[in-house]
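Reading through the structure tokens given below for one structure.
The values are calculated or read from the model by the stated rules, or taken from the named source; none is laboratory data. Everything numeric in this text was worked out from a predicted model, so none of it was measured. With ideal geometry, Cβ positions are generated from the backbone for all residues, glycine too; neighbour counts draw on all protein chains shown. Accessible surface is based on the protein model in full, side chains and every heavy atom, while ligands, DNA and RNA are left aside. Shrake-Rupley method; radii C 1.70, N 1.55, O 1.52, S 1.80 Å.
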Amino acid sequence: MLLNLLCREGAGDCSSCVAVMLELARGISQWAHGFKNAVIFLFNTGEEEGLSGAHSFITQHPWSSTIRMAIDLEAMGIGGKSSIFQAGPHPLAIETFASVAKYPSGNIIWQDLYASGIIKSATDFQVYREVAGLSGLDFAYTDHGAVYHTKNDKLELLKPGSLQHLGENMLAFLLQIAKSSHLSKANAMVEDIQSSHDTAVYYDILGQYMVTYRQRFANMLLSSVIIQSLMIWVTSLLMGGSTAAVSLALSCLSIILMWIFSLSFSALSASILPLISSSPLPYLSIPWLVVGLFAAPAFLGALTGQHLGYLVLQRYLSDVYAKRKQLSPAIQADLVKLEAERWLFKAGSLQWLVLLIIGTYYKVGSSYIALVWLVPPAFAYGLLEATLTPGRLPKPLKLATLWMGLAIPILVSAGPFIKLVITMIGLSVRFVRHPGGSPEWLPSVALSVFIAIVICLTLVYLLSYVHLSGAKTSMVLATCILFALSLAVVFSGITPPFTEETARVVNVVHVVDTTGRFGEKPSSYISLFSFTPGVFTAEVEEIREGFVCSRHKAIDYVTFSVSYGCLTFDETEEGWDESDIPTLKVVEDANGDKRITRVAIDTKRSIRWFLSINTREIEDFTFKVDSEELVPADGKRGIDGWHTIQASGGKNAPTKFELTLFWIQNSTLNSHEMLQSERPLLNLRTDLPGVMTPKAEAVLQKLPPWFTLFGKSTSPHTHSFLSSLPVNF
């Protein structure tokens, strides 16, 4: 069994993992009695450089063939509980963990988000699962996500309880799994498990107990609930006739209006933030501001939309009851309101039934959320309203129905929903993948939409009680006041969006550009940009190094492009040498039955570089070093028309390579278009780690305290070179 972590500077990511593993090694060495499996502690680097450390171990180390399970310790923040966000594919690991962990924490929601591609990231666990075919667990801290990969990932924010939580859980798990005789069998059955979809569904309840069951059982359970629910609805509609069918349709209309108004109100609030605040993310330093900024308008919108549907439903039911001559007008009016209230409550369960059907069809593990929000409220309604109500005429819904119906759903899902919101707030500081490439309001709108979705899903039952409640006016007034106060706080600037601890992530790069973007000669400049939305107008005035900020012609850093940023050309000719400029030299260009081009690449002093190949012109290629083929011609795929190679080597890593390009026979561009196209054939960026030019150092020293450098696997260092080879070379 393999226990792995990424080892880098940073208290959370991942010195905390180092500390836990060292203590685990000490503990296991004392209590390793009756072990049937060895435990390997792997401390590796290279995760941020394309998962190269884990890949090297799995593909080259002689012990790799003995591994039967992999446990990965990671961090996407600092502190809090270390939770499982990926498990499997074989259920043995998660089932064992759930049975022995003292404070289990994990939820398949994260795994579903990861699998969907919404979370654009990867960990070493991906190598163990996809390359080695191993099952296991992937752990990560997620609290304080704004400090991830910054100077603020420091010990002061890491609570000892976080280390204790992970350590106690892992020690109990390792002592149990090391004695298991099923590891070999579990590893051999990985492909069968994946093909049969018999993976595990898992989620914890308040961090005290973890529920696990197989996907096969989940399919049977959910299908059974769906069939029974549909039978109840069909029976109800047949007994109620056309009146019931129309009432159901109108109550569904109220649900649709609830969604439309809630999403619109919340998104509108988010879109105006850049207009009234110095930052489009004014809530970063005080996350609870999102309650007033987004949750309040989402609640008002949900209530408004559902109330409009309620009025339409009420008018229809008034016409129906008007035909019953035996009832007085006053009684009819009261009965109409009560009947409409009940239909809105039942429409809430229909909403969750639809989600349950969709989740079951696509075998989504997170469908358990729909299950717990469907069954308990429906059971409470049937028990206290339909079964125990003696009269046939509708009566007010009991508060006991609400409490009984919502207790279990809130207990099970409140924690994951809140954690998702907090994680999204932390991720907002690095939301933009291409600086300046998306609207400033987009992160806030995305967060506000998610909050509105949570409110529409979870408050649908509660809102059905509000329309007849005397507290409706007070609730609306209180919500409006909360929203107004939150806007006032943002507009006044009382709370700054960024602080020294929750800083804006930026990059300062001294670029030597030979792509011809700024002329034929090599151009040298300092580039200041950020993956956090917003402008630098006030900050560059404070820095005073000749920066000009604009949405200039995009600078292509190979792995991303910068459309908005600040550039200065002042005093940038010192600190770099032309001998470090990488070269892309065409050695041969043969036009036979198929056009083949050989290019010699020299990265000079750089051992960390990124090369992108234009797949709109090139269908395949080979990549060699010293006549050894590193990348064969086996069919290549591109993303957005590019295939990117990322390399990071050691001190003696090669710097000269040979690239052979095989052109597409029927190119999408004709010769004239090639001449006019700004899209090069090759893009190359080389970084010089540890090299700091005088100008870059001067800029770094003048950065405001609420700025912090940000680094990830694709980020440039403080000194980079950009080169390219045009299509019409």
Checklist entry - Within straight cross-link reach of LYS695, meaning Cα distance under 13 Å, which aspartates and glutamates are found once same-chain residues fewer than 8 apart are removed? => result GLU545, ASP570, GLU571, GLU573, GLU574
Next on the checklist: Please compute the length gained on full extension between LEU275 and ASP570, using 0.36 nm multiplied by the number of residues separating them and subtracting their Cα-Cα distance.
Outcome noted: 103.0 nm
Item to check | Reachable lysines from LYS363, criterion Cα separation under 16 angstrom, eight or more residues apart if same chain | outcome: none
Item to check | Inter-label distance for ALA488 and VAL312, nm, one decimal - labels placed 7 Å from Cα along Cα-to-Cβ | outcome: 3.7 nm
Checklist entry - Under 5 Å between amide H atoms, partner at least 5 residues away or on a different chain: which partners does ILE618 have, H built in plane at 1.01 Å? => result ILE664
Checklist entry - Taking 0.36 nm per residue of separation and subtracting the Cα-Cα distance, what length does fully extending VAL100 through ALA653 add? => result 194.5 nm
Checklist entry - Magnitude of the Cβ-charge dipole of the range 570-667, K/R +1 and D/E -1, about the Cα centre, nearest 20 debye? => result 480 debye
Checklist outcome for this item: With a Förster distance of 56 angstrom and the Cβ-Cβ distance between LYS702 and MET239, calculated FRET efficiency to the nearest 0.05 equals 0.15
Next on the checklist: Run the paramagnetic zone check for ASP319: 7 angstrom along Cα to Cβ, then residues of the range 232-273 with backbone nitrogen under 13 Å.
Outcome noted: 243, 246-247, 250
Checklist entry - Which whole-number percentage describes the relative contact order of the chain, with Cα contacts under 8 Å and a sequence gap of 6 or more? => result 12 percent
Checklist entry - Can you give the Rg to Rh ratio for the range 437-516, taking only C-alpha atoms and Rh from Kirkwood? => result 1.20
Checklist entry - What is the distance, in nm, between label points placed 7 Å from the Cα along the Cα-to-Cβ direction at SER29 and at GLU578? => result 5.8 nm
Checklist outcome for this item: Amide H contacts under 5 Å for ASN44, restricted to residues at least 5 apart in sequence or on another chain and with H modeled in the peptide plane, are LEU5, CYS7
Item to check | Under 20 Å from the Cα of LYS36 - lysines, other chains or at least 8 residues apart | outcome: LYS179, LYS185
Checklist entry - Given a Förster distance of 60 angstrom, what is the FRET efficiency for ILE410 paired with LYS636, based on the Cβ-Cβ distance and rounded to 0.05? => result 0.75
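Accessible area, 1.4 Å probe, largest first: how do ARG214, ARG679 sort?
Values: ARG214 80, ARG679 55 Å².
The most accessible residue leads, giving ARG214, ARG679.
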Checklist entry - Of ALA653, MET692, ILE639, which is farthest along the charge dipole of the range 544-697 in the positive direction, counting Lys and Arg as +1 and Asp and Glu as -1 at C-beta? => result ILE639
Item to check | Efficiency of FRET from Cβ geometry, ILE331 and MET475, R₀ 25 Å, rounded to 0.05 | outcome: 0.35
Next on the checklist: Probe radius 1.4 Å, ligands and nucleic acids left out: which of THR502, THR66, THR473 has the largest accessible area, and how do the rest follow?
Outcome noted: THR473, THR66, THR502
Checklist outcome for this item: the range 273-311 scanned against label point 7 Å out from THR499 along Cα→C-beta; backbone N under 13 Å for 283-289
Checklist entry - From the phi of every residue in the range 198-213, what ³J(HN,Hα) in whole Hz does the Karplus formula 6.51 cos²θ - 1.76 cosθ + 1.60 yield, where θ is phi - 60° and glycine or proline is x? => result 8, 7, 9, 9, 8, 6, 9, 10, 6, x, 10, 8, 10, 8, 9, 7
Checklist entry - Against the longest principal axis of the chain, how steep is helix 329-361, in degrees 0 to 90 to the nearest 10, with axes from Cα atoms? => result 30 degrees
Next on the checklist: As I understand it, the value is the acute angle between the Cα axis of helix 296-322 and the longest principal axis of the Cα atoms of the chain; what does it come to in degrees, rounded to 10?
Outcome noted: 30 degrees
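For the range 100-169, just say rounded, prolate or oblate: build the C-alpha gyration tensor, square-root its eigenvalues into a ≥ b ≥ c, call rounded for a/c under 1.5, and beyond that prolate if a/b exceeds b/c, oblate if not. Can you show the working numbers first?
Details: a/c = 1.92, a/b = 1.30, b/c = 1.48.
Oblate shape, in that a/c is at least 1.5 and b/c is the bigger or equal ratio.
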Checklist outcome for this item: Rounded to a whole %, the carbon-and-sulfur portion of the accessible area of the chain at a 1.4 Å probe is 60 percent
Item to check | Accessible-area order (highest first, 1.4 angstrom probe) of the listed residues VAL460, VAL312, VAL100 | outcome: VAL312, VAL100, VAL460
Checklist entry - Taking a quarter of the surface of the Cα convex hull of the chain, what do you get in nm²? => result 37.7 nm²
Checklist outcome for this item: Computed for the chain: size of charge dipole around the Cα centre, +1 on C-beta of each Lys and Arg, -1 on C-beta of each Asp and Glu, debye to nearest 20, value 2960 debye
Next on the checklist: Can you divide the C-alpha Rg of the range 1-145 by 2.2 N^0.38 Å and report the result to two decimal places?
Outcome noted: 1.00
Checklist entry - Which far-off residues, 5 or more places away or on another chain, put their amide H under 5 Å from the one on GLU74, with H placed in the peptide plane? => result PHE139, ALA140, TYR141
Item to check | Average accessible area per residue (Å²) across the range 285-366 - probe 1.4 Å, nucleic acids and ligands excluded | outcome: 44 Å²
Next on the checklist: Quick check: residue separation of LYS154 and VAL587 times 0.36 nm, minus the Cα distance between them. What number comes out in nm?
Outcome noted: 150.9 nm
Item to check | Proximal charge balance of LYS651 [Cβ under 14 Å; K/R count +1, D/E count -1] | outcome: +2
Checklist entry - Hey, which of these cross-link pairs are over 19 Å Cα-Cα: LYS624/LYS712; LYS604/LYS624; LYS81/LYS102; LYS337/LYS395; LYS337/LYS472? => result LYS624/LYS712
Checklist outcome for this item: Between the modelled labels at VAL211 and ARG551 (7 Å from Cα along Cα→Cβ) the distance in nm is 4.7 nm
Checklist entry - Tell me, what is the per residue accessible area of the range 507-583 in Å², probe radius 1.4 Å? => result 43 Å²
Checklist outcome for this item: Restricting to Cα pairs under 8 Å and 6 or more apart, the percent relative contact order of the range 267-420 works out to 17 percent
